[in-house]
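The values are calculated or read from the model by the stated rules, or taken from the named source; none is laboratory data. Since the model is a prediction, treat every value here as computed from it, not as a measurement. Neighbour counts are summed over all protein chains in view; Cβ atoms, including those assigned to glycine, are modelled from backbone coordinates with ideal geometry. For accessibility, only protein heavy atoms count, side chains too; no ligands or nucleic acids. Shrake-Rupley method; radii C 1.70, N 1.55, O 1.52, S 1.80 Å.
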Amino acid sequence: MATSETHYRKHLGPVYSWMLGDLDAAFARGAREIDDLSLPAARGVALDLGAGLGLHSIALAKRGFDVLAIDNCQALLDELRSRAADLAIATHLADLLDFRACLTTQPQVILCMGDTLTHLPALSAVESLLASVAGSLAPGGVFAATFRDYATSGLKGEQRFILVRGDESRILTCFLEYQEERVIVHDLLHEKENDCWRQVISSYPKLRLAPAWVISKLGELGFSVTRDTTPSGMVRLVATKNG
């Protein structure tokens, strides 16, 4: 079984744009998600953890933030860079847990969107990331995260087989295998080559991360937290640093 970093670098990253389908619609959704966060009016530095190809980084930059986009998949960062044009976005290939090494000033905003938190290897890593966020944000700054709640309930039976996307030359299917603390994600990619279908499979673990636990940890770190649900069904936490 691969780590999430290896899975994205070798398997999912090269087809990620295709997986999203209509990219204009995907970037529009990302912009709406930024609009929904009620971010600080004062423009400063915004950090996008797990930035991918820039669904949120580009929206932040268009709103006047100087964006630091961090991801551990170079292919996705290269695509972000190609789309950023002259926007104020600096990309960094790095582990999310090491993001403080990329900072030169206190950010006003830190994002960790799109189920990125569940990709961390253990609850202790989530705690470490949240502590780094608390130690980095300016007073009154905002930390926002969206992630899937694999902890409260799980899909059963045939529901665990998910068709992500398919067309005449490529099909991506996902199968979820629930364990006590993790859910193992099996991504089955079929690609047509010379009229023959080739199957490639890669699997990696995600955390079954309970929203109440994350809220509790943020509260202990001095954040005021609100929770709601995104249109796609993800948990959305918006935490404002007190003081």
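Which loop-located GluC sites (Glu not before Pro) does region 99-176 contain, where loop means any DSSP state but H, G, I, E or B and the Cβ has at most 14 other Cβ atoms within 10 Å? Sparse-neighbourhood loop GluC sites (Glu not before Pro): E168. Between the listed residues G154, V238, W197, the Cα displaced farthest toward the positive end of the dipole of region 145-243, a dipole computed from Cβ unit charges relative to the Cα centre, is found at V238.
The chymotrypsin sites (Phe, Trp or Tyr not before Pro) of region 166-243 include none that meets both criteria, a DSSP state outside H, G, I, E and B (loop) and at most 10 other C-beta atoms within 10 angstrom of the site's C-beta.
If you take the alpha carbon atoms of the chain and fit the smallest convex hull around them, that volume is 125 Å³ per residue.
Of the solvent-accessible surface of the chain, computed with a 1.4 Å probe and all protein chains present, 49% belongs to carbon and sulfur. On a per residue basis, the chain carries 47 Å² of accessible surface, using protein heavy atoms and a 1.4 Å probe. Could you list the residues of region 7-24 with an amide nitrogen less than 13 Å from a label point located 7 Å from the Cα of S169 in the Cα-to-C-beta direction? Counting backbone N atoms under 13 Å from the label point, the list is 18. Each Lys and Arg Cβ is given +1 and each Asp and Glu Cβ -1; about its Cα centre, region 1-89 then shows a dipole of about 40 debye. Each part gets one Cα centre, and for region 184-205 versus region 83-128 those centres are 29 Å apart. Percent of C-alpha pairs per 5 Å bin in region 1-115, short distances first: 2, 12, 23, 26, 20, 11, 5, 1, 0. Among the trypsin sites (Lys or Arg not before Pro) in region 119-215, those located in a DSSP loop and surrounded by at most 16 other Cβ atoms within 10 Å of their own Cβ are K156. Counting only residues at least eight positions apart within a chain, or on another chain, the aspartates and glutamates with an alpha carbon under 18 Å from that of K62 are D24, E33, D35, D36, D48, E79, D86. Rolling a 1.4 Å probe across all protein chains gives R9 an accessible area of roughly 120 Å².
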